[in-house]
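The values are calculated or read from the model by the stated rules, or taken from the named source; none is laboratory data. Small disclaimer: the values here were computed from a predicted structure and weren't measured. When we count neighbours, we look across all protein chains shown, and the Cβ atoms used for this are built from the backbone with ideal geometry, even at glycine. Accessible surface areas use protein heavy atoms only, side chains included; no ligands, DNA or RNA. Shrake-Rupley method; radii C 1.70, N 1.55, O 1.52, S 1.80 Å.
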Amino acid sequence: MFPWKNIVSIDKNAPTPVYLQIVGAIIKEIMAGRLISGQKMPGTRYLSEQLDINRKTVVAAYDELMAQAWLDVTPSQGTFISQTLPIVRQRQWASGSIPSYQQLHTAAFSLSFLPSDGHQTEKKEMLRITDGSPDVRIAPMDNLYKRCREIASGRSRRQYLRYGDEQGEISLRKALAHFLHTTRGLSCSPQQLLITRGSQMGLYLIFQLLLKTGDYVIVGESSYPVANEVIRKFQGRLLTVPVDEQGLQVEVVASLCRQYPIRAMYITPHHHYPTTVTLSAERRVRLLGLAQQYRFAIVEDDYDYDFHYASSPLLPLISMDTQGVVIYIGSLTKCMAPALRNGYVVAPENVIQALTQYRKLIDRQGDLVLEKAMAAFIEAGELQRHLKKSLKIYRQRRDDFCTLLQQQLGEWIHFQVPDGGMAVWVVFASDIDLLALAKYAHTRGISLEGVQDWHRFQAIRLGFASLNAEEMQRGVEVLKEGITSFKRKLSRSA
Ligand SMILES: Cc1ncc(COP(=O)(O)O)c(C=O)c1O
């Protein structure tokens with residue numbers, strides 16, 4: 001006798017209707033080969049008695065299974081598992097229970113590429129010292145979302161709620177072109193702009209477009225780890241160049257160009273990630289010259305251009321590009337909030353057209369309502385106002401944070417006050433175990449997010465922009481406690 005009671009376990013409190021629970025259980029048994037093609041099913045009265053439910057529920061389940069062609073009825077003979085189903089190797093009930101989907105932790109097939117874990121964003125409620133994120137508490141989200149609501153409910157909403165321009169809402173491309181011109185001296189047309197969901201998507205699309213297996217890509221010895229992952233994903237070979245206080249050492253780039261056919265270079269010249277130094281004007285000119293001479297692409301990731309506290313910032317490389325060697329990546333996520341996925345790529349038109357085709361393959365198009373709202377937000381000068389306000393707050397926070405670091409941790413660390421950006425690159429004394437320090441901080445409710453990436457440099461990128469005065473104080477205090485307790489242990493064991 002088939003053990004129906006064991007197989008169909010019914011939970012009357014579950015959100016799934018009981019008849020669908022029966023349908024699911026029977027399909028699972030067929031797929032597992034314990035109910036086989038042509039097998040006779042019990043009558044509805046019998047099954048309802050076995051399961052202790054109303055007969056009508058079993059009838060509804062059988063009707064559904066028939067509609068889906070799992071069961072057939074032969075008049076005056078009964079209900080059978082459909083003859084047309086492919087034969088699944090028969091198994092006995094004794095061969096164990098079928099795992100539920102939630103028990104399937106590993107797929108039955110292999111995966112082609114596994115990105116390394118990288119640093120994980122802390123999911124628990126902790127004080128996060130990130131590698132440099134904006135303070136989302138000051139972002140004027142009400143204003144932006146008010147615009148979204150107006151667009152989504154206004155007269156022209158149809159235009160923004162259906163499939164639209166894969167390259168990005170034209171009004172946002174126009175507004176950004178104007179914004180880039182006034183803020184960075186970058187004179188591009190809306191046709192040379194692609195809207196992405198943050199810079200990350202831009203990075204992915206660009207290296208997908210540029211790289212063939214084995215292509216050489218130059219990056220800094222320290223560089224944005226996620227960009228390295230993307231390059232590896234597309235089978236690029238990384239060549240690394242040292243970084244000093246003037247940025248990437250361009251003479252080493254020149255020497256690599258003489259030895260290898262370089263396809264591309266990834267660079268964050270404004271504030272080098274992670275060390276925050278600015279690439280000198282002289283090196284910029286030399287780099288553009290090399291790219292023109294050896295015909296490689298410079299992928300310029302300008303993730304935090306809008307936050308510069310010293311004199312006026314150097315213009316991006318692309319603003320000096322007269323030959324079409326630079327592909328520029330920018331983002332509004334750092335200006336407003338990381339969860340607001342609006343970024344962009346600027347490049348010669350043929351590059352943008354190709355990137356748009358790739359974008360379509362993974363994401364058809366962006367959020368047009370948000371893009372339209374962002375365009376209006378920029379046109380009204382709101383983004384610029386918000387940047388001005390955040391710049392003032394972050395400058396103060398940078399100063400306060402650097403003073404605190406110096407006062408509290410000065411004997412164990414050294415750092416340069418960054419000219420811009422949202423983080424300080426802090427190098428620790430060589431006998432401080434940074435992983436142990438991060439562990440200690442974790443027990444005290446502080447998550448140090450960039451430690452995994454940088455402990456091999458004996459450094460951490462400490463983000464200050466998202467911390468208010470009290471949070472900074474707490475963060476630095478915990479670091480000091482961690483270091484001093486660590487030092488005490490060291491001196492005891494010496
Ligand atoms: C150097 C760099 N590039 C790109 C990104 C990705 O930013 P987005 O949020 O715009 O995707 C980050 C994020 O931290 C970054 O630090």
Practice task
Determine whether region 351-370 contains at least one residue that is within 23 Å of TYR394 (Cβ to Cβ) and either in contact with a Lys or Arg (Cβ under 8 Å, 6 or more places away or on another chain) or not in a loop (DSSP other than H, G, I, E, B) (or both).
Solution key: no
Fill in the blank from the handout: Inside region 342-357, the number of residues satisfying the requirement of being over 16 Å from the mean Cα position of the chain (by Cα) and either open to solvent by 50 Å² or more (accessible area, probe 1.4 Å) or of a type in the set (Ser, Thr, Tyr) (or both) is 5
Exercise for the section: Just give me the residues in region 166-205 being polar (S, T, N, Q) and outside any loop (DSSP other than H, G, I, E, B), in sequence order. Expected result: SER171, THR182, THR183, GLN191, GLN192, THR196, SER199, GLN200
Handout entry: Selected residue (only one of VAL243, VAL252 is more than 20 Å from VAL325 (Cβ to Cβ) and either open to solvent by 60 Å² or more (accessible area, probe 1.4 Å) or out of contact with any Phe, Trp or Tyr (no Cβ under 9 Å at 6 or more places or on another chain) (or both))
Key = VAL243
Completion exercise
Counted residues in region 374-401 being over 20 Å from ARG137 (Cα atoms) and either open to solvent by less than 10 Å² (accessible area, probe 1.4 Å) or in contact with a Leu (Cβ under 8 Å, 6 or more places away or on another chain) (or both) come to 1
Exercise for the section: Tell me which of these TYR273 doesn't satisfy, since it passes every other one: (1) open to solvent by 30 Å² or more (accessible area, probe 1.4 Å); (2) within 29 Å of LYS389 (Cα to Cα); (3) within 14 Å of the ligand (Cβ to nearest atom). Expected result: (1)
Exercise for the section: Only residues that are surrounded by fewer than 20 Cβ atoms within 10 Å (Cβ to Cβ) and touching a residue at least 40 places away in the same chain (Cβ under 8 Å): list them for region 413-422, please. Expected result: GLN416, ASP419
Practice task
Look at LYS360 and say whether it is within 25 Å of the chain's Cα centre (by Cα), surrounded by fewer than 20 Cβ atoms within 10 Å (Cβ to Cβ), at pLDDT 95 or above and not aliphatic (A, V, I, L, M).
Solution key: yes
Practice task
For residues that are in a loop (DSSP other than H, G, I, E, B) and in contact with a strand residue (DSSP E or B) (Cβ under 9 Å, 6 or more places away or on another chain), scanning just region 339-350, find the one that is farthest from TYR305 (Cα to Cα).
Solution key: PRO348
Practice task
Determine, yes or no, whether ARG232 is within 13 Å of the ligand (Cβ to nearest atom) and either open to solvent by 50 Å² or more (accessible area, probe 1.4 Å) or assigned by TED's automatic domain parsing to the domain that holds PRO261 (or both).
Solution key: no
Practice task
Hey, could you check region 276-312 for residues that are more than 16 Å from the ligand (Cβ to nearest atom) and assigned to a loop (DSSP other than H, G, I, E, B) and say which is surrounded by the most Cβ atoms within 10 Å (Cβ to Cβ)?
Solution key: PHE296
Completion exercise
Exception for GLY132 within (1) touching a Lys or Arg at 6+ places or on another chain (Cβ under 7 Å); (2) surrounded by fewer than 19 Cβ atoms within 10 Å (Cβ to Cβ); (3) at positive phi falls at (2)
Completion exercise
Of those in region 33-50 that are surrounded by fewer than 19 Cβ atoms within 10 Å (Cβ to Cβ) and touching a residue at least 40 places away in the same chain (Cβ under 8 Å), the residue nearest to ILE98 (Cα to Cα) is GLY33
Problem - region 313-326, subset touching an Asp or Glu at 6+ places or on another chain (Cβ under 8 Å) and part of a helix (DSSP H, G or I), residue least open to solvent (accessible area, probe 1.4 Å) - result: LEU317
Completion exercise
The number of residues in region 327-341 that are touching a helix residue (DSSP H, G or I) at 6+ places or on another chain (Cβ under 6 Å) and buried (at least 24 other Cβ atoms within 10 Å of the Cβ) is 4
Handout entry: Considering residues of region 206-229 that are over 13 Å from TYR266 (Cα atoms) and in a helix (DSSP H, G or I) only, the residue nearest to the ligand (Cβ to nearest atom)
Key = GLN208
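Suppose we filter ASN350, ASN342 for residues that are within 14 Å of the ligand (Cβ to nearest atom) and among the polar types (S, T, N, Q); which single one remains?
ASN342 is the lone residue from the list that is within 14 Å of the ligand (Cβ to nearest atom) and among the polar types (S, T, N, Q).
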Handout entry: Residue tally, condition surrounded by 15 or more Cβ atoms within 10 Å (Cβ to Cβ) and part of a helix (DSSP H, G or I), over region 5-19
Key = 3
Problem - Filter result for VAL424 (assigned to a loop (DSSP other than H, G, I, E, B), outside the structural domain of LEU210 (by TED's automatic domain parsing) and either closer than 28 Å to ASP244 by Cα or of a type in the set (Phe, Trp, Tyr) (or both)) - result: no
Problem - Residue check for GLY168: open to solvent by less than 30 Å² (accessible area, probe 1.4 Å) and more than 16 Å from the ligand (Cβ to nearest atom) - result: no
Practice task
Find all pairs meeting these conditions: Cβ atoms under 6 angstrom apart; at least six residues apart or on different chains; first residue within region 157-168 and at negative phi; second residue open to solvent by 40 Å² or more (accessible area, probe 1.4 Å).
Solution key: TYR160/LYS372; GLU166/LYS360
